[in-house]
Amino acid sequence: MAVILGIESSCDETAAALVTSDGRILAHKLAGQEAAHRPFGGVVPELAARAHVEMAIPLVEAALAEANIGLADVDAIAATAGPGLIGGVMVGLMTGKGLAHASGKPLIAVNHLEGHALSPRLADPSLAFPYLLLLVSGGHCQLLLVQGVGDYRRLATTIDDAAGEAFDKTAKLLNLGFPGGPAVEAAARIGNPAAVPLPRPLMGSTDPHFSFAGLKSAVLRARDSGRYRAEDLAASFQQAVVDCLVDRTKRAVDVAGGVTALVVAGGVAANEAIRGALAGLAERSGLPFAAPPLWLCTDNGAMIAWAGAERLALGLVDDMDVPARARWPLDPRAEKARGAGVKG
Ligand code: KG4
Ligand code: ZN
């Protein structure tokens, strides 16, 4: 049994965790930065990088103390090497390299998206490859066939905004506060999802991809009409996102075939309405449904440590010159999706 230290710093969460190769979480520590970014209504990369510098080592020390072990008891050090805000990624990766060098332990450079993609197997070790994954986060919205560790086929991506980005921008438009996703979900709970007629971009299309930019603009126009309450706008927006995600995922279920389960991961997977609707789709499709617990959906160190454990088991370790990468697609063979602001 191996113990892996995981370090995450790709966006606005600094995190460190210790996870065993048989899936036990010995410790997980996290420092959010909401207070630093709230005045700006979004993540400021330079502020994020500075906060990661301040928090990375103290969080590693706190995780080791909680697990009651020392660095010498760790078998490998996994750190996010991208994709993400490059300053923050560099901080976490350099921290990992420094610790690996000082301790003589192997370094594992983890793709943040692989951390999300494999996190359902930390939550449920019986989840076998290949599974169909809806990966929905602040920067990405993709349907992936997870065929094995390091083996991903991208079936769909967004042609403009990511789902989490749409939640964050809608929260800003409706003045609901930061971070946006949970704020929209809270407002939606007391709103009427049928109150505001909003579009469902690409719904029913034979094109496999997602699109959310038009939906966000429609929310802006509806808001400016002055006819609707913020709660109803939030609930109607969330319902439109749910409908699009379910429609696109259903299409992928139909074309993928032969998967073991339908799985959702990434920060937006913390949304109860989205989880519930996807669970319903899985049931109608005769597939088991898996979603990590809420804390494992949003960015954390345990998913990076776990991806490190999965890679270590296959002998996949990295050299000290491995670079930090702002962009790093999980499926390098995937064709570019058409559209203006294509993400990964
Ligand atoms: O995976 P994550 O923590 O960071 C990235 O890798 O991007 O995802 C963050 C995203 C943000 O856009 C946030 O607003 C969204 O996940 N999010 C939610 C909820 N909780 C977080 N979106 C909708 N409903 C939620 N409850
Ligand atoms: Zn993430």
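Taken together, the values in this text are just the output of simple stated rules run on the coordinates, not laboratory data. What you see is a predicted model; the values in this text were computed from it and never measured. FYI the Cβ positions are ideal-geometry reconstructions off the backbone, even for glycines, and counts take in every protein chain you see.
Details
- Scan of segment 243-262 for residues that are buried (at least 20 other Cβ atoms within 10 Å of the Cβ) and either charged (D, E, K, R) or farther than 13 Å from S285 by Cα (or both), ordered by number: C244, L245, R248, R251
- Of all residues in segment 61-73 being touching a residue at least 60 places away in the same chain (Cβ under 8 Å) and either among the charged types (D, E, K, R) or surrounded by 24 or more Cβ atoms within 10 Å (Cβ to Cβ) (or both), the one that is farthest from ligand 1 (Cβ to nearest atom): D73
- Some residue of segment 242-264 being hydrophobic (A, V, I, L, M, F, W, C) and within 16 Å of ligand 2 (Cβ to nearest atom): yes
- Scanning segment 120-132 for residues that are in contact with a Gly (Cβ under 9 Å, 6 or more places away or on another chain) and closer than 26 Å to L93 by Cα yields R121, L122, A123.
- Residue among L174, L198, L127 that is within 15 Å of A307 (Cβ to Cβ), away from ligand 2 (no atom under 16 Å from the Cβ) and surrounded by fewer than 24 Cβ atoms within 10 Å (Cβ to Cβ): L127
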